[in-house]
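> Handing you this structure, nothing more for now.
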Amino acid sequence: AQRLIPPERRATANRLGNILGKVIGRYFAGSLLLSLLQGLQVLVTGLVLGVPLSPLLAVWAAVWNLVPQLGGAIGGIVFVLVAFTQGATTGIIAGVIYMVYLTFANNVLLPVILGKAVDISPLTTMVATIAGFSIGGIIGAVAGHEVSAQTGGSKGNQNISTVAGAAAGAVAGNAIQK
């Protein structure tokens, strides 16, 4: 792949590749932490309310939480539906607790944990995720978050023109040589 990048841009491309590898690794670690927290919330709520299959539902919710944007809701819907098998009151309580947690997680935990994981501010994380989702759907949301870590990091040493220039150069070089 390095042969596709012009020699004068290789050092920059290598540096950006290393940074991107670290950012993606930290982003994934942050996502795993958020997933674990969601699974723990479902487990504790389920055990307290006496919801059957709570450990299995906790794993289900944690795994689905790894899917950006919709995963948390999908994992929770199954939990709440199973809670309704114990009665309407249990189902409603489980649903309210889950919605409160999901709102807290999406508005506080996600920006703080993922923002710290990739060393960017929570506001940058939220704006990049929303912009990426509006442009490219779920994949755009993930990409927007990761690109923001490269271009808008609070402590990062890369500026927008350097990253955009390196990316444009790599893409253009790849297209020309094909």
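The values are calculated or read from the model by the stated rules, or taken from the named source; none is laboratory data. All of these numbers come straight from a predicted model, not from anything done at the bench. When the accessible area is computed, the model is the full protein with side chains, heavy atoms only, and any ligands, DNA or RNA have been set aside. Shrake-Rupley method; radii C 1.70, N 1.55, O 1.52, S 1.80 Å.
> Could you look at the range 1-102 and say what percent of its accessible area is carbon and sulfur, using a 1.4 Å probe and all protein chains?
Roughly 75 percent of what the probe reaches on the range 1-102 is carbon or sulfur.
> Using a probe radius of 1.4 Å on heavy atoms only, what accessible surface per residue do you get for the range 19-84? Whole Å² is fine.
Working: 3390 Å² over 66 residues.
I get 51 Å² per residue for this part.
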